[in-house]
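The values are calculated or read from the model by the stated rules, or taken from the named source; none is laboratory data. On a predicted model such as this, the values are computed, not experimentally measured, just so you know. Quick reminder, even Gly has a Cβ in these numbers, built from the backbone with ideal geometry, and neighbours come from all protein chains shown. Just so you know, the surface numbers come from the protein's heavy atoms only, side chains and all, with ligands and any DNA or RNA stripped out. Shrake-Rupley method; radii C 1.70, N 1.55, O 1.52, S 1.80 Å.
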Amino acid sequence: MEQTDKGNWGEEFVNQLAYKSFLKYWCYPGPQDECGDRKEIVDLFILFKNICLLISVKNYEFKGKYDKYFRKTLTKATDQLYGAERKLFQSDRPVFIKHPDREAEQFQPASYAVVQRIIVNLGEQVQYYPFNTTTKGSKFVHVLDKIAFERIIGELDTLPDLVDYLEKREQLFTSKKAFILPGEETDFDADTADQFFNRDPESDPMTVPELILSGSESDLVASFLRNDRKFHSAFNMIDYNGAYIQLDGEWDEFQEEKKVKIKKEQDTISYFIDKFVLNEVLPADAADTHELAIELLSLNRFYRRVIAKSFWEFVSANKNNDRMHVARRYAVFENTAYLFLHFHEHADQEFVEVLSQLAMDAHLVYDQYKPQKLVLIASQGFMKKFHFGYAPEVKHYPKEYEEQIMEDCRILGWFTDIRIIHHTETEYPKNQA
């Protein structure tokens, strides 16, 4: 395979994984400086809310010489990330980029408080590689191999979950030299060992602590998740300058735990949120749909499960209601209220639209405007036709309007028989079949 073809395959591999986990809408493959030199800025970046992920993909063939391989891959990738960040965040002129499905747009550097840099190295048969490197500007860069990248964004497949891991990973390794040994011991032959022990003759662990991890990045992720999304204190190396930590097999053991299998089964329903955004919200292309999509995708996987499960149970309980009945459920997660409605599948569309707006207004008034935002998700029929609404900034209504709203509610009989539901959900259920 020609090197260009290998590079294109590598970039497409990474793009497709990113599209699957984080939706194509926020992924920019091979963005160019549209109004400048029109050169590719970086292989992929993901822009979401205040997050900017810069990803460089390298797919050079490994031919047994580690120093040469790292110079060819990591150095080139790091230089690409450094150049991309300079162009995007330090340019003295506006930089325009283009998403494949949209017109060119101006990059707004002030919008992105979180910047993470990632090298995905797709070469195979590498028995050791550094956890991280730095750009010329001394910015931290994550280094991941193919399997590591694939498993990380498969397990941490929401941007809140992924960024939480990356930020804690950066915090842990930013002041250390760290190498990972992902292969089998039998593959670590004498030549590899010789290169490993002579990898950096000028390194001084008394100045910069050095950590060697036996295992894969997947094993590290498993250890992180087992420890309540924190890295074990042994990784901190507070009282020593060098450490060898063995995590081999941690990923496989983690995947076989009963509570993990139950979690994955229960997470299945959480993908309703992802599909709802992809198939219902984004295609509507209305004034508030982009903001609503961001609101829903700002939820981590666990919160998506909680909300989707509640909505499913609510619709299931009301699917046999008569044509004029409007079922409602209201809950607040942190500072956002979620209002669920269910209408009969043959309900008149004007009826649905008017009652949906009334329900949003009425619940804000009844709850005395406590939430900062409100999300409406409605089903017409049993998960057949969906409606949605979004109030990104809750504001008080005029007194006269409040009185009219509550009079309409009195006529409809709303808020006369309120039932409070208490429910506890854990991310990793232990005692459920």
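May I ask you to list the residues in region 290-339 that are in contact with a Ser or Thr (Cβ under 6 Å, 6 or more places away or on another chain) and in contact (Cβ under 8 Å) with a residue 40 or more places away in the chain?
Initially, region 290-339 is screened for residues in contact with a Ser or Thr (Cβ under 6 Å, 6 or more places away or on another chain), giving 300-301, 304-305, 308, 315.
Within region 290-339, N300, R301, R304, R305, V315 qualify.
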Among the residues in region 179-197, are any modelled with pLDDT of 85 or more, acidic (D, E) and within 13 Å of Y244 (Cα to Cα)? no
Criterion: surrounded by 20 or more Cβ atoms within 10 Å (Cβ to Cβ) and either outside any helix (DSSP H, G or I) or hydrophobic (A, V, I, L, M, F, W, C) (or both) - qualifying residue of I180, I147: I180
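Being under 16 Å from E85 (Cα atoms) and in a loop (DSSP other than H, G, I, E, B) is the filter; apply it to region 11-33 and report the residue that is most open to solvent (accessible area, probe 1.4 Å). Walk me through how you get there before you give the answer.
Of the residues in region 11-33, the ones under 16 Å from E85 (Cα atoms) are 28-33.
Checking the rest, the ones that are also in a loop (DSSP other than H, G, I, E, B) come to 30-31, 33.
Numbers: G30: 21, P31: 1, D33: 0 Å².
That would be G30.
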Unmet requirement for V221, which otherwise passes all of (1) among the aliphatic types (A, V, I, L, M); (2) touching a helix residue (DSSP H, G or I) at 6+ places or on another chain (Cβ under 7 Å); (3) assigned to a strand (DSSP E or B): (3)
Of the numbered conditions (1) open to solvent by less than 30 Å² (accessible area, probe 1.4 Å); (2) at pLDDT below 95; (3) under 20 Å from the mean Cα position of the chain (by Cα), I273 fails exactly one; give the number of that condition. (2)
Kindly indicate whether H422 is touching a Gly at 6+ places or on another chain (Cβ under 9 Å) and modelled with pLDDT under 95. no
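Checking the conditions here, which among I152, I147 is out of contact with any strand residue (DSSP E or B) (no Cβ under 6 Å at 6 or more places or on another chain), within 23 Å of S233 (Cα to Cα) and among the β-branched types (V, I, T)? Can you show your working first?
On the way: I147 fails: within 23 Å of S233 (Cα to Cα).
Every option except I152 fails the conditions.
Condition first: open to solvent by 30 Å² or more (accessible area, probe 1.4 Å) and either hydrophobic (A, V, I, L, M, F, W, C) or assigned to a loop (DSSP other than H, G, I, E, B) (or both). Now tell me which residues in region 332-361 satisfy that.
As a first pass, look at region 332-361 and keep what is open to solvent by 30 Å² or more (accessible area, probe 1.4 Å): 332-335, 344-346, 348-351, 353-354, 357.
Scanning region 332-361 gives V332, F333, E334, N335, H344, E345, H346, D348, F351, V354.
Does region 245-257 contain any residue that is free of Cβ contacts under 8 Å to residues at least 40 places away in the same chain and assigned to a strand (DSSP E or B)?
Looking only at region 245-257, we keep the residues that are free of Cβ contacts under 8 Å to residues at least 40 places away in the same chain, and these are 245-250, 252-257.
When the remaining residues are screened for being assigned to a strand (DSSP E or B), the result is 245-246.
The answer is yes; a qualifying residue exists.
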Pick from region 374-387, criterion open to solvent by 10 Å² or more (accessible area, probe 1.4 Å) and touching a helix residue (DSSP H, G or I) at 6+ places or on another chain (Cβ under 7 Å), ranking: farthest from E345 (Cα to Cα): H387
Tell me which of these Q127 doesn't satisfy, since it passes every other one: (1) free of Cβ contacts under 8 Å to residues at least 40 places away in the same chain; (2) in contact with a helix residue (DSSP H, G or I) (Cβ under 7 Å, 6 or more places away or on another chain); (3) not charged (D, E, K, R); (4) not in a helix (DSSP H, G or I). (1)
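Being within 26 Å of Y369 (Cα to Cα), part of a helix (DSSP H, G or I), among the hydrophobic types (A, V, I, L, M, F, W, C) and touching a Phe, Trp or Tyr at 6+ places or on another chain (Cβ under 8 Å) is the requirement here; does F311 meet it? It would help to see each step written out before you state the result.
Working: within 26 Å of Y369 (Cα to Cα): yes; part of a helix (DSSP H, G or I): yes; among the hydrophobic types (A, V, I, L, M, F, W, C): yes; touching a Phe, Trp or Tyr at 6+ places or on another chain (Cβ under 8 Å): yes.
Yes; evaluated as a whole, the condition is true for this residue.
So that you can scan it fast, the table gives a plain yes or no per residue for (1) at pLDDT 95 or above; (2) under 25 Å from the mean Cα position of the chain (by Cα); (3) under 22 Å from F48 (Cβ atoms):
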position	(1), (2), (3)
P100	no, yes, yes
L122	no, yes, no
Q127	no, no, no
P130	no, yes, no
T134	no, yes, no
K146	no, yes, no
Filtering region 390-429 down to residues that are surrounded by 10 or more Cβ atoms within 10 Å (Cβ to Cβ) and assigned to a loop (DSSP other than H, G, I, E, B) yields P392, V394, H396, Y397, W414, F415, E425, T426, E427, Y428, P429
So which residues in region 259-274 are in contact (Cβ under 8 Å) with a residue 60 or more places away in the chain and not acidic (D, E), if there are any at all? K259, V260, I262, K263, Q266
